[in-house]
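**Student:** What follows is a structure written as structure tokens; I'll ask about it next.
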Amino acid sequence: MAHIPTPRAAVTTLPPYVPGRPPTPRPGLTTYKLSSNENPYPPLPGVVEAATRAVAQMNRYPDMGCTGLYAALAERLGVATDHLAAGTGSVAVLYHLLQAYCEAGDEVVFAWRSFEAYPIAVTVTGATAVQVPLTHDGRHDLDAMAAAITDRTRIVVLCTPNNPTGPALTHAEVDAFCARVPAHVLVVVDEAYREFVRTADPVDGLALHRTHPRVVVLRTFAKAYGLAGFRVGYAVAAPEVAAAIRACALPFGVSSVAQAAAVASLDAEEALLERVDALVAERDRVYAGLRAQGWDVPEPQGNFVWLALGDRTGDFAAAAEGAGLVVRPFAGDGARVSIGEPEANSRLLEMCARWSG
Ligand SMILES: *Cc1c(COP(=O)(O)O)cnc(C)c1O
């Protein structure tokens, strides 16, 4: 038999990334995908047109320097372009950052349960994932995370609001945390859901980055901006860090179509904010409805809610499927349900009212 070489040990132990499933079509029932925290709205005004113009250039490589996107972001965010590094989704940007800073023997601290891409992205570099349990109400335990930092720690990742549990950190607590983190550690603030936060003291990643240059802010066009299918996100970081991320990125990773759509999305802010407000109103309706039914739900600040169902998670996902809703189960732990169309959200509430596990 031919000998097939084996991949690195780290690769053979990678946890799988489980994508949210699409619904199976059901005759006579509209089905909804509430499993990937996507935006249920169609593209923002002007975005399809900009993307279509870029499609006509598909015989050419994209602008590797993302010039138009960096210029638009720099103006919008008030940062110089050398603080920016784009990638095919902010997940890719995180991969490049980890590749630039971590190797075997290094440690990366993050909360758990949190975004399922983190342990995969860390493990693939050969570094060790140090997972700090959330508090019982689904929040980061910042004291425990600070205590988990060692001489080998290269990066700490904060996810706010936390996917999949929902609560957001406050600006004051992250600011105080950053001040405690030793000088050899970068702090990643993953703000994938920042537009949905409605707390009194929301995290402002850019302000944190200005105060603490070792803060790396991750943002994405996938959620509020509704460009999940195009794969584009970015980091705001110190110029040295941004340069290291860009150095590790795939050449020509962000497609011409994605660059054009992202720039056009930044121009459609008014429509974006209206949609985000509507999604937030729906989220708050679902949260209030679940609480009125007696569900103990961590405070949702993203576009999703978390049902800590434990052993009943699989049964719940199956019951949701029966009602035409695809949720994202995490076996033995809980189900994350994205906020979707009002009809989908109402159906979730009806189904939860009937659920007795
Ligand atoms: C969705 C998400 C991202 C962004 O994903 P991309 O589609 O790769 O931009 C990043 N972090 C968290 C916590 C997310 O949930």
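Quick note: the coordinates plus some simple rules give every number you see, no bench work behind them. Note that the structure is predicted; figures quoted are calculated from it, not measured. Glycine gets a Cβ as well: all are built from the backbone with ideal geometry, and neighbour counts include every protein chain shown.
**Student:** So, of the residues in region 173-191 that are more than 16 Å from the ligand (Cβ to nearest atom), of a type in the set (A, V, I, L, M, F, W, C) and assigned to a helix (DSSP H, G or I), which turns out to be surrounded by the fewest Cβ atoms within 10 Å (Cβ to Cβ)?
**Tutor:** The residue in question is Ala179.
**Student:** Still on this model: Hey, does region 44-61 have a residue that's within 16 Å of the ligand (Cβ to nearest atom) and either within 25 Å of Val337 (Cα to Cα) or part of a loop (DSSP other than H, G, I, E, B) (or both)?
**Tutor:** For region 44-61, residues within 16 Å of the ligand (Cβ to nearest atom) and either within 25 Å of Val337 (Cα to Cα) or part of a loop (DSSP other than H, G, I, E, B) (or both): absent.
**Student:** State the number of residues belonging to region 85-106 that are within 15 Å of the ligand (Cβ to nearest atom), out of contact with any Ser or Thr (no Cβ under 8 Å at 6 or more places or on another chain) and not β-branched (Val, Ile, Thr).
**Tutor:** Selection size over region 85-106: 8.
**Student:** OK, next. Among the listed residues Arg210, Arg198, which satisfies the condition of being over 18 Å from Ser114 (Cβ atoms) and part of a loop (DSSP other than H, G, I, E, B)?
**Tutor:** Arg198
**Student:** Have a look at Ala86, Ala74, Ala104 and point out the one that is in a strand (DSSP E or B) and more than 14 Å from the chain's Cα centre (by Cα).
**Tutor:** That would be Ala86, the only listed residue that is in a strand (DSSP E or B) and more than 14 Å from the chain's Cα centre (by Cα).
**Student:** With respect to Asp141, is the statement that it is within 20 Å of Pro298 (Cα to Cα), within 16 Å of the ligand (Cβ to nearest atom), in contact with a Leu (Cβ under 7 Å, 6 or more places away or on another chain) and of a type in the set (Asp, Glu) true?
**Tutor:** no
**Student:** Mind checking which strands (runs of 3 or more DSSP E) fall wholly inside region 241-357 and carry at least 3 residues that are touching a residue at least 24 places away in the same chain (Cβ under 8 Å)?
**Tutor:** 304-307, 334-338
**Student:** Oh, and also: Suppose we keep only residues that are in contact with a Pro (Cβ under 7 Å, 6 or more places away or on another chain) and farther than 18 Å from Ala168 by Cα within region 285-315. Which one would you say is surrounded by the fewest Cβ atoms within 10 Å (Cβ to Cβ)?
**Tutor:** That would be Gly314.
**Student:** Additional query: So how many residues does region 8-43 have that are away from the ligand (no atom under 16 Å from the Cβ) and either in contact with a Phe, Trp or Tyr (Cβ under 7 Å, 6 or more places away or on another chain) or aliphatic (A, V, I, L, M) (or both)?
**Tutor:** Qualifying residue count for the region: 6.
**Student:** Let me ask something else about it. Please name all residue pairs, on different chains or six or more residues apart, with Cβ atoms under 7 Å, provided the first residue is in region 185-196 and is of a type in the set (Gly, Ala, Ser) and the second residue is part of a helix (DSSP H, G or I).
**Tutor:** Listed by first residue and then by second, the contacts come to Ala192/Ser90.
**Student:** Now for a different question. Could you grab the pairs with beta carbons closer than 6 Å, sequence gap of 6+ or different chains, first residue in region 37-52 and in contact (Cβ under 8 Å) with a residue 60 or more places away in the chain and farther than 18 Å from Arg21 by Cα, second one outside any loop (DSSP other than H, G, I, E, B) and of a type in the set (D, E, K, R)?
**Tutor:** Within 6 Å, the pairs are Tyr41/Arg275.
**Student:** Tally up the residues in region 107-121 that are in contact with a Phe, Trp or Tyr (Cβ under 7 Å, 6 or more places away or on another chain), among the small types (Gly, Ala, Ser) and more than 10 Å from the ligand (Cβ to nearest atom), please.
**Tutor:** Residues flagged as in contact with a Phe, Trp or Tyr (Cβ under 7 Å, 6 or more places away or on another chain), among the small types (Gly, Ala, Ser) and more than 10 Å from the ligand (Cβ to nearest atom) within region 107-121 amount to 1.
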